[in-house]
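Asker: Pasting a structure below so you can have a look.
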Amino acid sequence: MPRIAAAEPPYLPEIADPLKRIMPEGVPPLLLFRTLARNPRIFAKLFAGGLLDKGALGLRQREIVIDRTTARLGCEYEWGVHIAFFADRVGLTPEQIAATVHGSADATVWSPDEQALIAFVDDLIDRRTIATETWQVLRSWFEPSQIIEAIALVGYYHTISFFCLGLELPLEDYAARFPGASTSEEGT
């Protein structure tokens, strides 16, 4: 049971319109979105600051950053939704999906630029900064605009993870679940 009951239809237009834009046809609004709708100001600010539009990073790179961030923060809700909606679309293999949760930054399932992104996320979560060695590798693969976007993604999904975990949101029925620790060995 979530700590705060989600808003139910009919939604106010300022809630209904963004929900219609962001959700795929035939998929009901996420519990997260409906719960945040209980505070229209926060709902509007988060939707205005959302990073699901086309940015400097490619869709696959963005999803790797989001998946690793939410997995490292233990946010199975958001991780599972992103895996359900985007993993196939961006070509993540089952081994890569498991590695977002259990793999090391140098897991061989990732290309060198993806390894740099994983190490970058790990640094920000573990140290709240980017180690010099990580920065040097990251800069060899990514432009400044891409790095700024990646930092914004980690911060944004840190906030989203806090909402999901703090509100104790139950997982969406269709969302992926964290893989067991035993599958992590395949991704390392």
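Asker: Of all residues in region 58-74, count the ones that are touching a residue at least 60 places away in the same chain (Cβ under 8 Å) and buried (at least 23 other Cβ atoms within 10 Å of the Cβ).
Answerer: Qualifying residue count, region 58-74: 6.
Asker: Right, here's the next one. Count, please, the residues in region 90-105 that happen to be in a loop (DSSP other than H, G, I, E, B), on the phi < 0 side of the Ramachandran plot and without any contact (Cβ under 8 Å) to a residue 40 or more places away in the chain.
Answerer: Count: 3.
Asker: Give me a count of the residues in region 113-136 that are outside any loop (DSSP other than H, G, I, E, B), more than 23 Å from HIS82 (Cβ to Cβ) and either within 20 Å of the chain's Cα centre (by Cα) or touching a residue at least 24 places away in the same chain (Cβ under 8 Å) (or both).
Answerer: 1
Asker: So, one more: Only one of these is more than 16 Å from PHE178 (Cα to Cα) and out of contact with any strand residue (DSSP E or B) (no Cβ under 9 Å at 6 or more places or on another chain): LEU32, LEU73. Name it.
Answerer: LEU32
Asker: Now for a different question. Would you check which residues across region 137-147 are of a type in the set (A, V, I, L, M, F, W, C) and not in a helix (DSSP H, G or I) and list them?
Answerer: PHE142
A short reminder: the numbers here are calculations on the coordinates, not readings from a lab. The model shown is predicted, which means the values in this text are computed figures rather than measured ones. With ideal geometry, Cβ positions are generated from the backbone for all residues, glycine too; neighbour counts draw on all protein chains shown.
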